[in-house]
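Visitor: Below is one structure. I have some questions about it.
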Number of protein chains: 4
Amino acid sequence: MGMVGGGKDAFIGAIHRLAAFMDGQIELVCGALSINPEVAKASGEELYLPAARTYLTFDEMISKEAALPADQRMDFVTIVTPNFAHFAPAMMALDNGFHVVIEKPIAFTLDEAKQLKAKLDQTGLLLCLTHTYSGYPMVKQARAMVADGVLGRIKKVWVEYPQGWLSRLSEREGNAQAAWRTDPKKSGKSGSMGDIGTHAAHLAEYVSGAKITKLCADLNTLVEGRMLDDDGSVLLHFDNGAAGVLMASQVAAGEENALKLRIYGEKGGLEWAQMEPNTLLVKWLDAPAQILRAGSNYGDRLSSYATQNCRTPGGHPEGYLEAFANIYRNFTRTLQARLDGVSPSKESLDFPGVEDGIRGMAFIDNVVASAASDKKWTEYKI
Amino acid sequence: MGMVGGGKDAFIGAIHRLAAFMDGQIELVCGALSINPEVAKASGEELYLPAARTYLTFDEMISKEAALPADQRMDFVTIVTPNFAHFAPAMMALDNGFHVVIEKPIAFTLDEAKQLKAKLDQTGLLLCLTHTYSGYPMVKQARAMVADGVLGRIKKVWVEYPQGWLSRLSEREGNAQAAWRTDPKKSGKSGSMGDIGTHAAHLAEYVSGAKITKLCADLNTLVEGRMLDDDGSVLLHFDNGAAGVLMASQVAAGEENALKLRIYGEKGGLEWAQMEPNTLLVKWLDAPAQILRAGSNYGDRLSSYATQNCRTPGGHPEGYLEAFANIYRNFTRTLQARLDGVSPSKESLDFPGVEDGIRGMAFIDNVVASAASDKKWTEYKI
Amino acid sequence: MGMVGGGKDAFIGAIHRLAAFMDGQIELVCGALSINPEVAKASGEELYLPAARTYLTFDEMISKEAALPADQRMDFVTIVTPNFAHFAPAMMALDNGFHVVIEKPIAFTLDEAKQLKAKLDQTGLLLCLTHTYSGYPMVKQARAMVADGVLGRIKKVWVEYPQGWLSRLSEREGNAQAAWRTDPKKSGKSGSMGDIGTHAAHLAEYVSGAKITKLCADLNTLVEGRMLDDDGSVLLHFDNGAAGVLMASQVAAGEENALKLRIYGEKGGLEWAQMEPNTLLVKWLDAPAQILRAGSNYGDRLSSYATQNCRTPGGHPEGYLEAFANIYRNFTRTLQARLDGVSPSKESLDFPGVEDGIRGMAFIDNVVASAASDKKWTEYKI
Amino acid sequence: MGMVGGGKDAFIGAIHRLAAFMDGQIELVCGALSINPEVAKASGEELYLPAARTYLTFDEMISKEAALPADQRMDFVTIVTPNFAHFAPAMMALDNGFHVVIEKPIAFTLDEAKQLKAKLDQTGLLLCLTHTYSGYPMVKQARAMVADGVLGRIKKVWVEYPQGWLSRLSEREGNAQAAWRTDPKKSGKSGSMGDIGTHAAHLAEYVSGAKITKLCADLNTLVEGRMLDDDGSVLLHFDNGAAGVLMASQVAAGEENALKLRIYGEKGGLEWAQMEPNTLLVKWLDAPAQILRAGSNYGDRLSSYATQNCRTPGGHPEGYLEAFANIYRNFTRTLQARLDGVSPSKESLDFPGVEDGIRGMAFIDNVVASAASDKKWTEYKI
């Protein structure tokens, strides 16, 4: 693995490394870790990179790695830069034959995302998009239960994602994370909806198996002086006839990272909350609710998508880093299968990719368009 | 207390009696308990009513009671009939000098509600509307904290009310509760929004102290064959600049009665859930969240509105009936103060009345209008 | 109902009245509400008692009521005095043909309890002991499930009862409740074990259907200057081979009234917590845990002992007062059946009585004996 | 790192590797992974070990590694064999100058533990004992709060550890984990108390800062045919005057791994549950309870022992593997500081060592002695 971005003090780059290293299958072999050369070098040293593979730009990294003998070069590139700087290294990596892992959102615009898809179609390379929350085993269990029809036809999807960390104008108080995420030049045309709304939308579609077909958005900037929305609510209709609501806020003061999904079908409902991720609550219309737990199996009652994404037995809680690591593990298992010339298992193939990235960018576009419109419903366009 | 409706097997009438009797201050002295004379008589016997005061119609009850000497007649009339049959007995009671307690919604139409208000203004009589959920002590604590400004300016209001009991077409399967509540002739122009959405809207306005100024509604009938909406989501804007979402569903299969309110201000947020009503979670932007508990006081830190609406010390859970009884108790304390010629305490005056009833009817009207409109926002009209 | 004790400002007397009145079946007709004549009179007025039936002593009350014509006198006596003053009024009531309700513990000594039993055997009158916690519907559901063998043979019983209200030497600071409860002359030979340990022991035996056969107690006085134990832990063995632990503390600072029971059998376990009483958690060895909820029925899957002790549908929480009222309601239904000359239902007969009272007194004796002994195990003697 | 034990299909060895690899600071360089040569070789290949450093016995591993040049040999040995096979490799590693990490319990007997301590004193090498649960940040927060006196004098310690996985006689049904853990020749003189009771005792002493001085144990074998205790309860007294209870069971059918600690002092109490490890509940005698959350800091209000053991911000849950990794990280930071000739930080030094191991072995001895005794109290001897 070579890494673009993620130098010292960056947040998400460190998370990617923790997730990638956990299972002992991935090694960081090179990096272009910062656009600041000092930081790039110091970060490389801290991470035990050889000086020769501590590059100063992604351009240098990709071209020099591509020039190495096949068995010595990196296998894939991980891109953990701010949103506006995803596309260029991703495209160059693909052009040079490297698979790619990208922190979400996949790109800065929908058009970029479509270009990436075209390139992937052309090259046959792999792209993995780290929509972390889809890596949790009980999210996969929920998806499998819906797909297997145990809830009957899905009627209602409620997804919410309250955070409180932008309750103040922190972008003016030296918070670097806040600064780029609230700057339309670096973050894109939406703040809260781009940053966390896309996660919520992805989760809703991933678990329900349904696609949003129209929406009605109310975007708000609730902290004065901010340049982008920091809060929003969206009414949703899905292609299977279900209705839904998506709520995302970064000014819900006192909330941490409270992503939560509820889905109701004819026979019952599912509830999953990211802050207690090892529990899936299953509510039945005609029977007592059940508590399904990650790491358990109950005599093969849980889906293989769930059980193969656990590392510890029930009661030994796994968390955010393990969910993240599941995405890396499934991606690398798929990559390994390809290298081995065998078919990857269906469970290994279960990681987000370019199609998810395109829908994420489209979600942002459609929400922003709806928010600016007087019409109630905006058709979801891609 | 005389009761209109609430015969054997009726649901809400029995609840009203439990609530009214609990504190030993209210006695049922007469009733017109059913439009079915057999049921009316049998119900009266079961409730130890004298035969002479077991009436067959509300008309008979009100006129005969009015004819009794002042110290022998009932003090007030409680109306627990289906929605369409609220107005006539209420108006007749007021015309005959009786105070009134009405199960919500106050009437069948907004216009009826306004007529009741005019009559109350004219007579000076009292009307109590049993928006039960505002009777919980921790709801009152939440309201007091918002009013006292401890959260700073309120920015966001999320209220949700999922139930699952109408997940099937039960109105065709002999469920009497379902039958009238889904029949526009008996229930009114909205199903879920009239039945539970009004509770949610009342709670949101009661606690936030803010009023809805515009809204955007998506009403759905998710069970085929049903005549009224059984699900809906509403985007809200408030007069203090806050944004909000209201969700109400009666087809969230597996849910019981999961009313929940979250309010966020500049400094923190509040969370209250009806199914664990003795806890108020207070989340702070800069400090650990706190768990405030009914029945506790922490050295006079809780509001008198909370403490005066508890009967038991902390850890001895009070519930739905006690919340309901609080409304009766505050109403009767206000009534008693009036009889005693003294001013009722501010805490006694804290029960829902005709203004709440008017806003409830207006909420239904505005939501239904918005749902039928292509425009995103509908101004909230009364 | 006539009441002994329970004047203004008394705690448990007011609770008894709330519970007794709730269902509209019981009326307070007379009282000897305080040993202080002023308080007795003022309390009687507040409770709308006629002056003629506001008595100054229990002796006066029982003898005068007994002298009334049968259809005018009270039906039963409720005794809510401190522990040392239970026996005399109870015995006199029975001697005069009145049924009795007594706040637990039944008496001051085991011997008194046995005398009450002998008198009941002789007279055929009814005695109801308000072990409130056995009145909760989900406690009854738990008991029924154990009795029906759905957990297999019971192996382990854990019951805990932490409170914090005696964390200071409040008995010296004017707290009347604390004063008599920590005074061996009024409370008996144990403090925490008499006050709350007996509740825990009753709950454990009630639900498990097993009886304690030997125990090993560690009693502690953790607040300096206190006269009785304020904390204790007891190892238990039961007659069905199960092992157990009982923990009770009144100095667990910050706890409210956190009674909790866990029972494990061969096939699974049950967990019930008094502070969220409407939920019974059922944990299975080979299947996901289930959440059973009061007020629900799931197509007749819950025990009639549970469903007949609920007043509201699922999601409308009932609490401590309703549990208390269940004991009164079952007692009065049994009494009514007797008056009607019919057999009471098995569900009506399910209220605590003199046998429970005797075991409660024996529990205190055995725990205190064990605590004073160097031997590990003390055989449970009655 | 070189590893003794932990071949394919072993449970705890895989956990150790996940924890060791997570932070990208530790590499597995050699192993004696199984006593079965086939398994040892296959496991080495799976873990990318060079054949030359895939050893067949710990003896071979330690002697050959010791013969390598200093900069090529492993830095420390991790021992993850069953209990009876801890001592020999540990002692040999120390004798050859290698630091040691040992899965708990440290040894098979107390005497072995003492010998290890003597060897450590003599050599100055480091030993790390993986009492995982002390690695959780909110456990460290709890310990810091107690040490800082914010609860006042500690009066009560309740620790419980229910599991259900030995509810059947699984050791006769081919469950390898169950087989050795219930075999006194491999596990030691206690089953449940050795396996999980030691964790509970360690946690209680670690957080309370107090030491057990006497105890009274009830050990039970609740599954017929089992050779060791599978359940036990222990009354505890501590050197600071606190009373306590420890409960451990492996036949609590339906429980996963529900370790929980409650500690009460004069001013309040703490509650921490391993299955939701990112929350520390702080209950106050005179104020609302607070919810302290891992990953948060609240303006520097949390202890550095907590904050330095988190990797993710609040709301991104960390779990069992991260707690385990904290122990490795603190151990390796201490080791690195030593290699760098600097003083390790106090936070780095906070990992369990030989003293904890000795107390663990003594705990087993004392509990087993008490269980066999008729006397109530057994003085805690080391």
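Visitor: Output yes when any residue across the stretch D:150-161 is under 29 Å from C:K267 (Cα atoms), outside the structural domain of D:V100 (by TED's automatic domain parsing) and more than 17 Å from the chain's Cα centre (by Cα), and no when none is.
Guide: Looking for residues that are under 29 Å from C:K267 (Cα atoms), outside the structural domain of D:V100 (by TED's automatic domain parsing) and more than 17 Å from the chain's Cα centre (by Cα), one finds at least one in the stretch D:150-161, hence yes.
Visitor: If you go through the stretch A:158-170 one residue at a time, do you hit one that is more than 21 Å from A:F363 (Cβ to Cβ), in a helix (DSSP H, G or I) and modelled with pLDDT under 95?
Guide: Checking the stretch A:158-170: at least one residue is more than 21 Å from A:F363 (Cβ to Cβ), in a helix (DSSP H, G or I) and modelled with pLDDT under 95.
Visitor: Follow-up question, since we're still on this one. Can you tell me which residue is farthest from C:H99 (Cα to Cα) among those in the stretch C:1-25 that are buried (at least 22 other Cβ atoms within 10 Å of the Cβ) and of a type in the set (V, I, T)?
Guide: C:I15
Visitor: Only one of D:L126, D:L151 is surrounded by fewer than 24 Cβ atoms within 10 Å (Cβ to Cβ), touching a strand residue (DSSP E or B) at 6+ places or on another chain (Cβ under 8 Å) and either more than 30 Å from C:L222 (Cα to Cα) or within 13 Å of another protein chain (Cβ to nearest Cβ) (or both); which?
Guide: When all the criteria are applied, what remains is D:L126.
Visitor: Looking only at the stretch D:279-321, filter to residues that are in the same structural domain as D:R143 (by TED's automatic domain parsing) and among the acidic types (D, E); which one of those is nearest to A:G164 (Cα to Cα)?
Guide: Only one residue tops the list, namely D:D300.
Visitor: Do we have C:L94 as more than 20 Å from C:R359 (Cα to Cα) and assigned to a helix (DSSP H, G or I) here?
Guide: Here the answer is yes, as C:L94 does meet what is asked.
Visitor: Given the structure, is A:L120 out of contact with any Pro (no Cβ under 8 Å at 6 or more places or on another chain), in a helix (DSSP H, G or I), surrounded by 20 or more Cβ atoms within 10 Å (Cβ to Cβ) and not small (G, A, S)?
Guide: no
Visitor: Say we look at the stretch C:224-263 and pick out the residues that are acidic (D, E) and more than 8 Å from chain D (Cβ to nearest Cβ); which of these is surrounded by the fewest Cβ atoms within 10 Å (Cβ to Cβ)?
Guide: Filtering first and then ranking leaves C:E224.
Visitor: Regarding the stretch C:61-72, can at least one residue be identified that is buried (at least 24 other Cβ atoms within 10 Å of the Cβ), in contact with a helix residue (DSSP H, G or I) (Cβ under 6 Å, 6 or more places away or on another chain) and either in a helix (DSSP H, G or I) or at positive phi (or both)?
Guide: The answer is yes; a qualifying residue exists.
Visitor: C:G353 is checked against (1) within 30 Å of B:T279 (Cβ to Cβ); (2) under 15 Å from the mean Cα position of the chain (by Cα) and fails just one. What number does that condition carry?
Guide: With (1) within 30 Å of B:T279 (Cβ to Cβ); (2) under 15 Å from the mean Cα position of the chain (by Cα) applied to C:G353, the lone miss is (1).
Visitor: Is there any pair with a first residue in the stretch D:108-128 that is touching a residue at least 40 places away in the same chain (Cβ under 8 Å) and a second that is surrounded by fewer than 19 Cβ atoms within 10 Å (Cβ to Cβ) and of a type in the set (F, W, Y) whose Cβ atoms are under 6 Å apart and which are 6 or more apart or on different chains, and what are they?
Guide: From residues that are touching a residue at least 40 places away in the same chain (Cβ under 8 Å), the pairs are D:F108/D:F84.
Visitor: Check C:S34 against each of (1) assigned to a loop (DSSP other than H, G, I, E, B); (2) surrounded by 20 or more Cβ atoms within 10 Å (Cβ to Cβ); (3) over 18 Å from the mean Cα position of the chain (by Cα); (4) within 14 Å of chain B (Cβ to nearest Cβ) and name the one condition it does not meet.
Guide: For C:S34, the failing item is (4).
Visitor: Within the stretch D:302-331, work out how many residues are more than 7 Å from every other protein chain (Cβ to nearest Cβ) and either buried (at least 24 other Cβ atoms within 10 Å of the Cβ) or under 17 Å from D:V139 (Cβ atoms) (or both).
Guide: 18
Visitor: Quick one: what pairs do we get from the stretch A:264-287, first residue at the interface with chain B (Cβ under 7 Å from one of its Cβ atoms) and surrounded by fewer than 24 Cβ atoms within 10 Å (Cβ to Cβ), second in a strand (DSSP E or B) and modelled with pLDDT of 95 or more, C-beta under 9 Å, 6+ apart or different chains?
Guide: A:E266/A:I154; A:E266/A:K155; A:K267/A:W284; A:W284/A:G268; A:W284/A:G269; A:W284/A:Q290; A:L285/A:G268; A:L285/A:G269
Visitor: Moving on. Here is a check on your reading of the model: is C:W377 touching a Cys at 6+ places or on another chain (Cβ under 7 Å), of a type in the set (A, V, I, L, M, F, W, C) and within 14 Å of chain D (Cβ to nearest Cβ)?
Guide: yes
Visitor: When the stretch A:164-193 is examined, which residues are found to be within 14 Å of chain B (Cβ to nearest Cβ) and either buried (at least 24 other Cβ atoms within 10 Å of the Cβ) or closer than 30 Å to B:T221 by Cα (or both)?
Guide: A:G164, A:L166, A:S167, A:S192, A:M193
Visitor: Please go through the stretch D:84-115 and pick out each residue that is surrounded by fewer than 22 Cβ atoms within 10 Å (Cβ to Cβ) and β-branched (V, I, T).
Guide: Scanning the stretch D:84-115 gives a single hit, D:T109.
Visitor: Out of everything in the stretch D:367-382 that is assigned to a strand (DSSP E or B) and not hydroxyl-bearing (S, T, Y), what residue ends up being nearest to D:L219 (Cα to Cα)?
Guide: Going through the qualifying residues, I end up with D:K375.
The values are calculated or read from the model by the stated rules, or taken from the named source; none is laboratory data. In this text the structure is predicted, and so the values were computed from the model without any measurement. Cβ sites come from the backbone with ideal geometry, for glycine too, and all protein chains shown count toward neighbours.
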